[in-house]
Amino acid sequence: MTSTGPLNEDDRYRTSTQYRLWSFTPQSLHTFRTTTNQLAAERVREAVRRAREARSADDASGTDSRSASAVPEGEVDCLTVEEELKLIAFYCRQTLQLGDHLKVPTEVKATAIQYIKRFYITNSVMTYYPPDILKTALFFATKTENHYFRLTKFAEAMSKTKPEDILASEFLLTQGLRFTFDVRHPFRALEGAVMEMNAMASGEIDGPALKGMGRKVMMAHGKAREYLKTSALLTDVYFHYTPSQIMIASLMIADRELIQLYISTKIPSDHPSSPDLQAKILETLEQCAEMLKTVEPSADPAPAEKKEISALGKKLKKCRNPDMIDLVGLQRAKREGEEGLDEKVVKKRKLEREQSAKEGEDLFGPSLKK
Amino acid sequence: MAYSPLVVPGSADKSAATTKSKLSNTVVSSNAPTPEAGQSSNGAGNDLAEQMNEDEKQKYIKGKKLGEGTYANVYLGHLRDSPSTLVAIKKIKVQKEYTEGMAPDAIRELKHLQELSHPNIISLLSVFSSKDQNLNLVLEFLPLGDLEMLIKDVDGVRYGAADIKAWMGMLTRAIWFCHENFVLHRDIKPNNLLIAADGEVKLADFGLARSFSDPYRVMTSNVITRWYRPPELLFGAKHYSGAVDIWSVGLVFAELVIRTPYMAGDTEVHQVNLICQAIGTPNEDNWPGVSKLPEYTVPEPPNPIRGRDHYLGTFGTAGPEGVDLLMKTLILDPRKRITAREMLEHKWWSSDPKPTRKEELPKKSGGEAKLGEDLKRRPGILDDERSARVARKLDFGGMK
C-alpha cells in the first residue's frame, strides 16, 4: 500500500482493529471462550472455598457473618460455555430493548452489543454480571458513537440504577475491549448497495440484469435491514465476516435471485477465474447467511428459550463469584487506594451493596420505567 | 479468515496466531507471555484482561517528565528490551471534575488513533492502564517539536518554498488518509503538526476527531481552534464535511508562507470579519444557501471576493501554482472547496522547486520540551484560552 495510491476497501478494512483484534476462526473463538469459562469456574470455586473457610472461622469465634450467607452449600455447579453464550445472547436482546426504550440510534445499540460480545470473550458472566455490564456498555456506546446522553438522565431512565453503578464497570469494560472502541457495522454498506441496485433497476447506471426490479430491491432492503438490526448483532457474524459480507448475506436471505444477479454484475463473466471466484464468494456468503438465520429477526425470544434462560439465570445466581458482586465497592477501592480506606467502612459498604444487589437481582434485569 | 494477534492460552495454534500485520503490535502484541489458567489464586486477582494489560505495561519504562498539564502528563519512555527505542507516554489523568466517566477527548483520541496507521499520523504504539486507572497512551517519540515552533522562530530558522512544499505534502497526505478513512480531524493547526527525528511531519491530537456523520445526524459546530475555523462552522453549520479540515490546511499553508497566523481573530465575530476582509464576504451569490445557516451575520459593507493578484502579492513566494492551490483551499463555499484527494493531484507538487527531502528540512532544537507541551494540552485550545472554552463546551454542549 503506497501512501498516496487509492486505498481499496479491503486494504482499509485490514487495518481496522475489528479485523486485527476482533476477527477469529470459529475454533480460536471457541478456545478463547472455553479458557475464559474454565478460568472463571476455578476462581468461583476458589472464592467460595475461601468464603466458607472465613465463615467457619467466624462461626468459631462467634462473630456475625451475614456477608458470607450468600455462599451456597455443596459443590458449586458452574455454567458451561454454551450456557454462558445463551445468557449473553439473552442480555444482548435486553440491550436492544433498553436501547429502544432510551430511543438511541441503531448504531449505538449495535455498538453496545458488540462491546458486550467482545467483553465476554475474555470475561465470564460468572465473574461480571451481565445486567451490570450491559448498562455500562450502552452508556459507553453513546459516547463512542457521538450520541451524547447525560449520565444522570441515563440512570434515571432505568429503575434501581445509580450513576455510580454505570460508571463502576466502565474502566473494566474498556480494558476488556483492549481500548479499541471503533466498531464497523454493515448498515451504511446496505444503504450503498441498495442505492446502486435502485440505480441499476431504473437504468440510471449500467446493470441490465436488474432492470425494472425496483420493487424487489425495496422489499429486499426492508428484510435485510431487519436481519442486520437483530440477527447480525446477536450471532457471531461480526467475529467471522466483514461488514460487506454480512450485508450481502442479509440481502441474500431476503432475495436470493436478486442478489445473485447483483453479484454477477460485479464479476465480469469473461474473466478467466470468474466461475471459481463466484463459487468462492457464494460459499462464504452462504455460510454467513446460515449463521444469520440461526437467530430470527424478531424482538422477542421464543417461549421455550425464555424458560431455558430462566433456569440458566437461577443457575448463574448460584455460581457467581462472591468476590465480584460488589463492583461499585471494588471500583471505589481501586480509585481511592486500599490504604486510604478504613476496613470497617469497606465491609459496611460491601454489605450495603450486597443487600441492594440482592434486591436488584431480578433475572430479567431492571424493569424499564414506563 | 482473520487471525487475532491475541494468543489463545494453551492453544497449539500459536504459529497461526503470530502471523500478524505490521500493525498488530498495537495494544497487545502477539508475543505477549501467555497468561496461564489458574495462575491467580485470589478471586479478586488478575483477569485475563488484567494480565494482558500488565504484560503491555511491562514492555515500557517510564522516564523523565516532559510536560505536565491538567489534562495529561507526558513522559519520555523506552522499551524495556531496547533502551534506545524511545517513546512518549501520555498519561491521561482521571478528571475528578468530569463526572460522566471516561472523558470524550480521551475516547476520541483512542478510538481514532487505534484505527489510523500512516507515516504522517502519530502512531499509537500501545495503551495500558496504571494502578490508579489512569490511561497511558504510548506514542511514537517525536523529538523535533512542531511546525508552530519553526514558523515563529523567524530569526533562528530560515526556510523556503521547497521546504514549505515538503511540509505541506506531508500534511496533505495525513488529512487525505483521515478523510479516506471517514475521519474528520477538526483541530488542524501548526502546533498539532509534530516533527519526527527524520523530519517527517506527523498529525497529532485526535481529541476532537470524529467519524463522518450520517446525513441526517447533526454534529457540533464548536470545533477547530478559532483562527483555523472555516466560515461554515463560524456560521453554526450542523452538517459538514472534510472541507472543514481543508480550510485549516489552507491556513497552515498561508501561515507557513507569511510566518504569522493569517487570520488571528480575538472572538468569533472578529474571526468572521477577518475572513470577510481577507477572502471576501460570503453571500448567496458566491455561496448559495449561506444566509440560511443559523448564525449567519456578516459586516457591512460587503467585500468582493479577492482575486488572484491579491494572493500573488501576499503569498507570491509559493509561486503561481502554490497560490492557485492555496486559493482553492480557502474557497468560502465548502462544496466548492478543493478536497484532500484533489489537493494531492494538484500540479503544484510537480512544478519547481521540488519538495525538500525530509532529512534535509530545517530543524530546531528544544523539541523534547515542546513535545511535552503539545501532547499534554487539551484539544482545541489556543494558547490564550487555556480556560478550555472549546473543549468544555464540547464536553457538555449538545454533543451530537
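The values are calculated or read from the model by the stated rules, or taken from the named source; none is laboratory data. A quick note: this is a predicted structure, and the numbers were derived from the prediction, not measured. Reconstructed Cβ throughout: ideal geometry from the backbone, glycine too, with neighbour counts over all protein chains shown. With ligands, DNA and RNA removed, areas are computed over all heavy atoms of the protein, side chains included. Shrake-Rupley method; radii C 1.70, N 1.55, O 1.52, S 1.80 Å.
Here are a few things to note about the model shown:
- Some residue of segment B:148-157 being more than 14 Å from chain A (Cβ to nearest Cβ) and without any contact (Cβ under 8 Å) to a residue 40 or more places away in the chain: yes
- The set of residues in segment A:33-46 that are within 7 Å of chain B (Cβ to nearest Cβ) and surrounded by 22 or more Cβ atoms within 10 Å (Cβ to Cβ) comprises A:THR36, A:LEU39, A:ARG43.
- With respect to the stated conditions, A:TYR227 fails to be more than 24 Å from B:VAL94 (Cβ to Cβ) and within 12 Å of chain B (Cβ to nearest Cβ).
- First in segment B:82-94 and in contact (Cβ under 8 Å) with a residue 12 or more places away in the chain, second anywhere and among the basic types (Lys, Arg), Cβ under 9 Å, 6 or more apart: B:ILE89/B:LYS62; B:LYS90/B:LYS376; B:LYS91/B:LYS62; B:VAL94/A:ARG335
- Of the numbered criteria (1) modelled with pLDDT under 95; (2) surrounded by fewer than 21 Cβ atoms within 10 Å (Cβ to Cβ), the one A:LEU210 fails is (2).
- Check on B:LYS57, within 12 Å of chain A (Cβ to nearest Cβ) and charged (D, E, K, R): yes
- Of all the residues in segment B:321-333, those that are in contact with a helix residue (DSSP H, G or I) (Cβ under 6 Å, 6 or more places away or on another chain) and within 20 Å of B:GLN277 (Cβ to Cβ) number 6.
- Reported count of residues in segment A:171-185, each being more than 7 Å from chain B (Cβ to nearest Cβ) and in a helix (DSSP H, G or I), is 2.
- Qualifying residue in segment B:99-107 (condition: at the interface with chain A (Cβ under 7 Å from one of its Cβ atoms), in contact with a Lys or Arg (Cβ under 8 Å, 6 or more places away or on another chain), open to solvent by 10 Å² or more (accessible area, probe 1.4 Å) and aliphatic (A, V, I, L, M)): yes
- Whichever residue in segment B:250-282 is open to solvent by 10 Å² or more (accessible area, probe 1.4 Å) and of a type in the set (A, V, I, L, M, F, W, C) and, among such residues, is farthest from B:PRO362 (Cα to Cα): B:VAL269
- Verdict on B:THR339 being within 22 Å of the chain's Cα centre (by Cα), within 14 Å of another protein chain (Cβ to nearest Cβ) and under 19 Å from B:MET170 (Cβ atoms): yes
- Checklist (1) open to solvent by less than 10 Å² (accessible area, probe 1.4 Å); (2) more than 25 Å from A:ASP10 (Cβ to Cβ); (3) of a type in the set (A, V, I, L, M); (4) assigned by TED's automatic domain parsing to the domain that holds B:ILE338 applied to B:ILE175, failing item: (2)
- Residue that is nearest to the other protein chains (Cβ to nearest Cβ) [pool: residues in segment B:209-242 that are over 16 Å from the mean Cα position of the chain (by Cα) and part of a helix (DSSP H, G or I)]: B:LEU233
- Residue among A:MET247, A:MET197 that alone is more than 22 Å from A:GLN287 (Cα to Cα) and either at pLDDT 95 or above or open to solvent by less than 60 Å² (accessible area, probe 1.4 Å) (or both): A:MET197
- Restricting attention to segment A:162-178 and to residues that are open to solvent by less than 20 Å² (accessible area, probe 1.4 Å) and in contact (Cβ under 8 Å) with a residue 60 or more places away in the chain, the residue that is nearest to A:VAL328 (Cα to Cα) turns out to be A:ALA168.
- Against the numbered list (1) more than 10 Å from chain B (Cβ to nearest Cβ); (2) open to solvent by 30 Å² or more (accessible area, probe 1.4 Å), A:PRO130 comes up short only at (2).
- Any hit, segment A:282-304, residues being of a type in the set (Val, Ile, Thr), more than 14 Å from chain B (Cβ to nearest Cβ) and crowded, with 21+ Cβ neighbours inside 10 Å: no
- Criterion (touching a Gly at 6+ places or on another chain (Cβ under 8 Å) and free of Cβ contacts under 8 Å to residues at least 12 places away in the same chain) met by exactly one of B:LEU293, B:LEU274: B:LEU274
- Residue in segment A:283-293 that is free of Cβ contacts under 8 Å to residues at least 24 places away in the same chain, assigned to a helix (DSSP H, G or I) and more than 31 Å from the chain's Cα centre (by Cα) present: no
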